Every structure is written in C-alpha cells, then in structure tokens.
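Report on one structure; see the data block that follows.
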Amino acid sequence: MEEFTSRMTRFLASVSVLLFAGSFVIAQSPTPVPNTLQSAATSTDNPDIHEFQKIEDSWSLAVNQHNQYGLELVLSPLLVDVSAEGDVTTRDQQVVKTITNDDKAFYLTQKVITVRMLGDVAVVNGTYTLRHRVNTAEVEDHGIFTHVFQRLRGGWMCVNAQRTLIREDSNAKSRNKKPSTAEMPFHIPFFMKSDKGSQ
C-alpha cells in the first residue's frame, strides 16, 4: 500500500509538471494577427489620403495657374525633383519653370493612391496626367509619382518628387487584355518589349 501511494504521488507530480509546462507554453505563444486584405494605407476611407489629395490638388492648381506663391507653399526649399525624363531640379528651378511656361495646353492633374505615414514623414504614391504641347501637337502623358513630404510648421512640404511615365505599347491596343488579378490599387508596368527585339 505504501508503494502504491508513493507511485501515485510521483504520477500526480509528473502530471502537474506537464500541465504547468503546457500552460506556460500556451501563454508564451504569440496572439495570431488577423490577416487583413486591404491595409489602411490603400483604403479609400483613409483620412490621410484625403488630406494629401488636397495638397496634391493645390500643387496642380499652382502649376496650372503659374502661381509662384502657391507652389512655394507646397514645395520645400530642400526639394529634389526627378522628372519623367530624368531631369533633376530644385524648388527654385521648378518655380522658374512654372512661371515662365507659355504652353497654353499645359494642364496637370494628380491622384493620390497610397499614403504611408512615418512619423513626420509621409510617402505618397499616385498617378498623374499631364497635357502639354509637343511641337504643334497636343499630347497627354500618363504616369505614376512618388512624393515624400515632411511635416513643417504644422503643414506638409514636399522634399522629394519623382515621376515615371507609363509608355503605352501600340501593339497592346489590338490585343485583348486580361483583367488584372493584382491586389495593388494601380498597375506598374516594369517590363516592356524592346524595339530591338522586333528587328
């Protein structure tokens, strides 16, 4: 009987140790994070998108109206602007370019797609349309932009801007396009057929 009691005590002690260890492991397991299909950065209800759309609209309006003061309210003195053609300019150069532009067809619109807030820095991605004249023809460029804003004196000023022109493949118009299954809010064509390949 004494031997049975000793075995039973050892058994219960072993079970208690296992239960304690199991509960410790469960308590240490990370809480599963719900898998969200759409981040707040790309949500159309995101207030940051609305805020930066107003800023981009002010930028476009200042450019379209050749408004130096309006442009200086949006562009930081530290601005580095990289155009779709690869030209690198400062804020002062952008202002001079805007107020001396005599292209009557010139018209810029910008649409914010995503905003990522990084403290006092915001990275804004979107699309743009630029109507302008080339020689005697009026053309309309479509592209994407990345604008980096810094919070200054309670407002936002752009410190870095880059545009990328989306070139349309003339052969693509005659082909049937399959609907995109991408989860991104806009499509960025990274690869294009080279003209050399058709020779």
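Here are some notes:
- Placing unit charges on the Cβ atoms of the charged side chains and taking the dipole of the stretch 41-168 about its Cα centre, the candidate lying farthest along the positive direction among Val115, Leu165, Leu61 is Val115.
- In this structure, the amide hydrogen of Leu75, modeled 1.01 Å from its nitrogen in the peptide plane, lies closer than 5 angstrom to those of Cys158, counting only residues at least 5 positions away or on a different chain.
- Dipole magnitude of the stretch 115-157, debye to nearest 20 (Cβ charges: Lys/Arg +1, Asp/Glu -1, about Cα centre): 220 debye
- With N counted as the residues of the stretch 41-168, its alpha-carbon radius of gyration over 2.2 N^0.38 Å works out to 1.03.
A short reminder: the numbers here are calculations on the coordinates, not readings from a lab. Every value quoted in this text rests on a predicted model; they were computed, and no experiment measured them. A quick note on method: Cβ atoms are made from the backbone with ideal geometry, for glycine too, and the neighbour counts reach across all protein chains shown.
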